[in-house]
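Beneath this line is the structure, given in structure tokens, with notes to follow.
Read-outs throughout are calculated quantities, based only on the coordinates presented, and are distinct from any laboratory measurement. As the structure is a prediction and not an experimental result, all values here were calculated from the model. All Cβ positions, even for glycine, are placed from backbone atoms using ideal geometry, and neighbour counts span all protein chains on display.
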Amino acid sequence: MGIHDRDYYRPAQPGINIRGPSTVVGWLVAINVALYLANGLFTPGTSAHPDLITRTLALQADTLARPLLWWQLVTWGFCHSPWPNYMHILGNMLGLWFLGRDIESKYGSKEFLRLYMVLIVFSGACWCAYEMIHGLVAGVPVNASATGASGAVAGIVVLYALHFPRRTLLLFFVLPVPAWVAGVLLIVMDSFGALQPGGSNIAHAAHLGGAAFAFAYYRLGWRIAPLTDRWLSFSWLKRRPRLRLHDPDGNRDGVADGADEISDEVDRILAKIHREGEHSLTRKERRTLEAASREYQQRRRR
């Protein structure tokens, strides 16, 4: 072996390869942990400014009545009780990590992210409504606040129990039970907690709201990505060209061009189904496929 051979087999130089999480669940956990650490390191609790980050992002009980604070319906799900109460974030992130990855694999990263965000907003709105109604009934001012991802995690637990009911989970990380049992116990415990006369430090109403939305999402076959993609892309603001209709039995000019347009549209829709799944189709795209299918069947009968 000559000197040139030794240069060829020179080992790679060691270096630092920093990569982010490869899943949406990983990113969600990382964001929650980063905010928790930032709150403890840079805005620790003092008498003047107690835990500034958590206090700013927390959801207030009267947020539904104050539209300028509706952004809290999102931010509350990414902050947790500050140090030294680490069990709050630990329990939520462990539940999200161990159960959320299978749900993300089931629905895909895009749909899972949108579902998780909707669960946060919906569970937060349920908690606000519960607190406001409780305050009106009891005749006391509404001044509570809530933090944590538990509303969304409760929805993830219910979806996991519905998709994988026979899988074994460790209840409280100790007792092995089927997933469906864990889901039922979650709902029963939160129902009793929400009915306590004196209230509780746990946002039971948020848990129940997340669980209810997850159950409806599963049973009704909802999909969020097709709806949000259309609005986030602002395609609804664009003027769409009208599809020209032609008499299939006639010989008027433009018939071939119209058939080509419809054929191109069908090809685009089929490619979209292959890429994103059937649930990604809009109502207009479904009608186009149905019309093309009827036209094809009519041609076969001729």
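A compact globular protein would have a Cα radius of gyration near 2.2 N^0.38 Å; the ratio found for region 37-128 is 1.22.
Is region 48-93 rounded, prolate or oblate when judged by the Cα gyration tensor, a ≥ b ≥ c being the square roots of its eigenvalues, rounded requiring a/c under 1.5 and prolate requiring a/b larger than b/c? Please list the in-between numbers first.
Working: a/c = 2.95, a/b = 1.61, b/c = 1.83.
Oblate.
Taking other Cβ within 10 Å of each residue's Cβ, how do D51, D267, D190, D102 sort, fewest first? Provide the component values of the computation, followed by the final result.
Values: D51 19, D267 10, D190 23, D102 15.
By the 10 Å Cβ count, ascending: D267, D102, D51, D190.
Among W71, W222, W127, the ranking by other beta carbons within 10 Å of each residue's beta carbon, starting with the fewest, stands as W71, W222, W127. Between L169 and V177, A179, the built amide H atoms are under 5 Å apart, and every one of these is 5 or more places off in sequence or on another chain.
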